[in-house]
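**Student:** I have a structure I would like to understand better, so I am pasting it below and will then ask my questions one at a time.
The values are calculated or read from the model by the stated rules, or taken from the named source; none is laboratory data. Since the structure is predicted, the reported quantities are computational estimates derived from the model, not experimental observations. Cβ atoms come from the backbone with ideal geometry, glycine included; neighbour counts cover every protein chain shown. Keep in mind that these areas ignore ligands, DNA and RNA; they rest on the heavy atoms of the full protein, side chains included. Shrake-Rupley method; radii C 1.70, N 1.55, O 1.52, S 1.80 Å.
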Amino acid sequence: MAASSETKTVHSPLVTYASMLSLLTFCPPFVILLWYTMVHADGSITQTGNYFKQHGLQGFILIWPKPTATAWKIIFCYGAFEAALQLFLPGKRVQGPMSPTGHCPVYKANGMAAYFLTLFTYLSLWWFGIFNPAVVYDCLGEIFSALIFGSFIFCIFLYVKGHLAPSSTDSGSCGNIIIDFYWHEQNGRVADSMLVNTILMLVYVTKFFWWEAGYWNTMDIAHDRAGFYICWGCLVWVPSVYTSPGMYLVNHPINLGTQLAVCILVTGILCIYINYDCDRQRQEFRQPNGRCLIWGKAPSKIVASYTTTSGETKTSLLLTSGWWGLSPRFHYVPEILAAFFWTVPALFNHFLPYFYVVFLTILLIDRAKRDDDRCRSKYGKYWKLYCEKVPYKILPGVY
């Protein structure tokens, strides 16, 4: 996103700044609380609450794990390995969407190859006894702690670099230091509940890398700036919160039975496929300028013109058929349901495993609001026409 002399936000400035400061302040300790509750408090919020009643805030200092040499070693080796794969593996050149300043970033799409090579290396190291994967779980608290501090340092580096040595015209300052920093450059066998959770998450991650080129056109990449929100979120929040149902199941294995396990697994995979098919449909529609078939028919569309910050007039095609005829963000529905189905193997003894589902729902509703406001500002009358044809934001008939 280009720097602007006037900071535009979806919510009022007070709400925006309060939200950002709250996330900067409370997300890091929440990650540690989540880990502690899942691993050391039987997944019970009540048990954690009783601990703090006895020990007060001093108890939080006692449970915060110190980053260890082993944790830093795991992070460094994994990071260096993935960086090497990104640099040296061949991949197709993919152009990202044009930014408001007219900059068109180019990426190397080698994520799928890197993903499978990572899996192969991981399994090989485990098979030949070179690396014990259980070490990651045993050091999970220390790893999260190291990531929290390391990612903060990384975000500060991006903030300074964005001001002193920006990589492109899309960097710079919006005039507010807060927004600049927030948005800138044990068991002998595996229970079937854990298998369902792990398989669904593995399918989801595989889908992500399979669709790597399309991800460059998403709101995260095209419009949100690289700062605390994106970088700290991806380095700390994603590996801790997104995997929290599995963290819970390590100490709470549940036998679902074959029928229920298969039912959850198949339904979860179907949700992941629909989520992928929504994104694939839009991507295939855009590439040939709308000359394709959607559900066996020529797609209906709106040709919308808009003006860039440099004064150029451009056109975009707004798809109004297929999945995108149901709502402009219908793909959020199977995304949320997929998260629910890889969580539901934990059943309903505790609320905490479902935190990610609740968080994701709130996140995507807020994102839908931000995206709707951005599109209304960008396309004007054409977006009004689009909303008349596709009236619901996410869930048809509801919202």
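**Student:** For the stretch 364-395: of the residues being under 18 Å from the mean Cα position of the chain (by Cα) and loosely packed, with under 15 Cβ neighbours inside 10 Å, which is farthest from Thr320 (Cα to Cα)?
**Tutor:** Asp366
**Student:** For Phe348, indicate whether it is open to solvent by 10 Å² or more (accessible area, probe 1.4 Å) and part of a helix (DSSP H, G or I).
**Tutor:** Spelling it out, it is not the case that Phe348 is open to solvent by 10 Å² or more (accessible area, probe 1.4 Å) and part of a helix (DSSP H, G or I).
**Student:** Let me ask another. Please verify whether Tyr273 is at pLDDT below 85 and either more than 29 Å from Thr37 (Cβ to Cβ) or open to solvent by 40 Å² or more (accessible area, probe 1.4 Å) (or both), treating the condition exactly as stated.
**Tutor:** For Tyr273, the condition - at pLDDT below 85 and either more than 29 Å from Thr37 (Cβ to Cβ) or open to solvent by 40 Å² or more (accessible area, probe 1.4 Å) (or both) - is not met.
**Student:** Which numbered condition in (1) out of contact with any strand residue (DSSP E or B) (no Cβ under 9 Å at 6 or more places or on another chain); (2) at pLDDT 75 or above is the only one that Thr7 fails?
**Tutor:** If we test Thr7 against (1) out of contact with any strand residue (DSSP E or B) (no Cβ under 9 Å at 6 or more places or on another chain); (2) at pLDDT 75 or above, just (2) comes out false.
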